[in-house]
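What follows is a single structure, written as structure tokens, with notes after it.
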Amino acid sequence: MCVIDKKVVTLVYGCQMSERDAQTLREISVREGYTSSEDPNTADLIIINTCCVRESAENKILGKIGELKKLKEKNPNLKIAITGCMVQQPGALERLRKRAPHVDIWTGTHNLHDFARQLKTAERSGKSAEVWPEAGGTTESVPLAEKGKLKANVNIMYGCDNYCTYCIVPYVRGRERSRPAEEILAEIEALAESGCREVTLLGQNVNSYGRDLASGPDFSALLREADKISGLLRVRFTTSHPKDLSDDLIDTLAGGRHLCHHIHLPVQAGSDRILRRMNRKYTREYYLNRVRAIRERLPGSSLSTDIIVGFPGETEEDFSQTLAVVRQVHYSQAFTFMFSRRSGTPAFALPDQVPLEVKKRRLQELMRVQNEESLKWRQNMLGKTWEVLVEGPSKSNPERLVGRTRGNEVVVFSGTRDLSGQLVSVKAEEANSWTLFGELA
Ligand code: SAH
Ligand code: SF4
């Protein structure tokens, strides 16, 4: 019997949910007889799971799709699949198909779980393009067979109902849908049994978990359940919308065994006028109040954030209020973006779009201020001992180990590889804006 070893390569753009979706697609392909590979040159199937949250991501992806044309010319049997958010945008499929006729399979976010059928169609007859207009529930939770990974992402909900005026996510990921708690906890248990030590619970707004379900726990109660699962050493989550961050959640984290003291709490902007135009549904004062509550009840916890500069109508005064918030909160890390006009979102059509030059200058200034803050944050950690989950050899120096604190700070230190997957104590001795360096205590 002749067995042909077919290889699948997945490339991912965008957030952790996009990564999780790419794993699902890889898993489905493996069940269809492919082996997972990293080398596009010898692949039989290349899947690109896409992002469309900013134009820069789309441009990168379009460039990559263009590059794949050459591979396809060399190997006409190669199948190329483009999947996810970019394809799901209203009207995008026709535009993309014209632009990239060498692509074999187009799949939206709502029909990822049905990828096997499309793959078979394409293998039989060459092409398949399908984008379902609406989600068919939360059925895409294909369990993963990838065993023995130290860290894993677990979706707890899909979609988003918040409609921030700049954001395309609600249009490409649909309405908010929570997965039943039993399903989530069973997935985490299976991961823990297979050797996983850290899970990150994923949702666009995890704080509203469960509101759409008739019964079952809310997010804090779900965390308390996850915290009981044996074998796990760490439970993280992302993203928290500030408007829904409850005192109960903060107390749950304070009382947890393995719950991480790190909250990713995107502020987006520091001026009330801009926050209102963004439809974020909180004021700066409300946000700073939440921060105070976290600092009081969870001393030593880390906060990170997302910030957009150059939202339409943002003045120098508005921008200086964003800088003031950054200086006041002391984030350990911030993801900073220039506003990108997304077709179909309300902010696309707003007057007073900010010129690119101004956006670039504000981004530079913001990054400079945040880098100072990140450095100060880490310098304050020096001389103390921190609990670190060891991830393995450091990429930049394989002689040393890398791990993360409970607050999600990266720590590089000396030690033997057999410590991977264990909690150790590390004394922090040096710092830059991104990394702590230390020694085992
Ligand atoms: N659900 C998460 C964010 C998901 S998108 C939340 O509400 O916090 C990740 C980040 O991308 C956002 O926090 C925002 O800072 C940024 N972003 C989203 N749309 C954008 C746009 N049109 N231009 C620039 N940045 C954007
Ligand atoms: Fe986008 Fe706002 Fe939903 Fe986050 S909460 S995904 S920024 S609409």
Restricting attention to region 16-49, and to residues there that are crowded, with 19+ Cβ neighbours inside 10 Å and within 16 Å of ligand 2 (Cβ to nearest atom), which single residue is farthest from M86 (Cα to Cα)?
R20
Region 343-352, residues that are part of a helix (DSSP H, G or I) and either assigned by TED's automatic domain parsing to the domain that holds V53 or more than 16 Å from ligand 2 (Cβ to nearest atom) (or both):
A349
Report those strands (runs of 3 or more DSSP E) wholly inside region 11-118 carrying at least 3 residues which are farther than 22 Å from R342 by Cα and of a type in the set (S, T, Y).
34-36
Tabulated pairs, region 93-122, first assigned by TED's automatic domain parsing to the domain that holds I61 and open to solvent by 10 Å² or more (accessible area, probe 1.4 Å), second assigned to a loop (DSSP other than H, G, I, E, B) and of a type in the set (S, T, Y), C-beta under 7 angstrom, 6+ apart or interchain:
H113/T139
Count of residues meeting criterion [open to solvent by less than 60 Å² (accessible area, probe 1.4 Å), closer than 27 Å to G270 by Cα and either at pLDDT below 95 or not in a helix (DSSP H, G or I) (or both)] in region 354-407
3
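Just checking: which of the helices (runs of 4 or more DSSP H) contained wholly in region 213-317 hold 3 or more residues that are out of contact with any helix residue (DSSP H, G or I) (no Cβ under 8 Å at 6 or more places or on another chain), open to solvent by less than 60 Å² (accessible area, probe 1.4 Å) and among the polar types (S, T, N, Q)? Spell out how you get there, then give the answer.
Details: elements: 219-227, 247-255, 272-277, 284-297.
By residue number, no helices (runs of 4 or more DSSP H) qualify.
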Please go through region 320-339 and give me each residue that is in a helix (DSSP H, G or I) and open to solvent by 10 Å² or more (accessible area, probe 1.4 Å), ordered by number.
S320, Q321, L323, A324, R327, Q328
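Condition check ((1) at positive phi; (2) assigned by TED's automatic domain parsing to the domain that holds G14; (3) within 25 Å of the chain's Cα centre (by Cα); (4) in contact (Cβ under 8 Å) with a residue 60 or more places away in the chain) across all residues:
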| position | (1), (2), (3), (4) |
| --- | --- |
| E316 | no, no, no, no |
| Y331 | no, no, yes, no |
| R341 | no, no, yes, yes |
| V354 | no, no, no, no |
| P398 | no, no, no, no |
| V412 | no, no, yes, no |
Does region 307-323 include one or more residues that are away from ligand 1 (no atom under 12 Å from the Cβ), farther than 23 Å from H241 by Cβ and among the hydrophobic types (A, V, I, L, M, F, W, C)?
no
For region 148-167, pairs from a residue that is farther than 27 Å from F339 by Cβ to a residue that is in a loop (DSSP other than H, G, I, E, B) and within 11 Å of ligand 1 (Cβ to nearest atom), with Cβ under 9 Å and 6 or more apart or across chains, are N155/G203; I156/G203
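For region 415-438, enumerate the residues that are touching a Ser or Thr at 6+ places or on another chain (Cβ under 6 Å) and open to solvent by 30 Å² or more (accessible area, probe 1.4 Å).
So the first thing to find is which residues in region 415-438 are touching a Ser or Thr at 6+ places or on another chain (Cβ under 6 Å), and the list is 425, 427, 433.
Of everything in region 415-438, those that are touching a Ser or Thr at 6+ places or on another chain (Cβ under 6 Å) and open to solvent by 30 Å² or more (accessible area, probe 1.4 Å) turn out to be S425, K427.
From the list R197, R175, which residue is under 22 Å from the mean Cα position of the chain (by Cα), surrounded by fewer than 15 Cβ atoms within 10 Å (Cβ to Cβ) and either in the same structural domain as Q268 (by TED's automatic domain parsing) or among the basic types (K, R) (or both)? Don't jump to the end; show me each part of the working.
Details: R197 fails: surrounded by fewer than 15 Cβ atoms within 10 Å (Cβ to Cβ).
On inspection, the qualifying residue turns out to be R175.
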Test set (1) open to solvent by 30 Å² or more (accessible area, probe 1.4 Å); (2) within 16 Å of ligand 1 (Cβ to nearest atom) - L150 fails condition number:
(2)
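The values are calculated or read from the model by the stated rules, or taken from the named source; none is laboratory data. Remember, predicted model here, so these are calculated numbers, not experimental data. Note: ideal-geometry Cβ built from the backbone for every residue, glycine included; neighbour counts use all protein chains shown. Note: areas computed on protein heavy atoms with side chains; ligands, DNA, RNA excluded. Shrake-Rupley method; radii C 1.70, N 1.55, O 1.52, S 1.80 Å.
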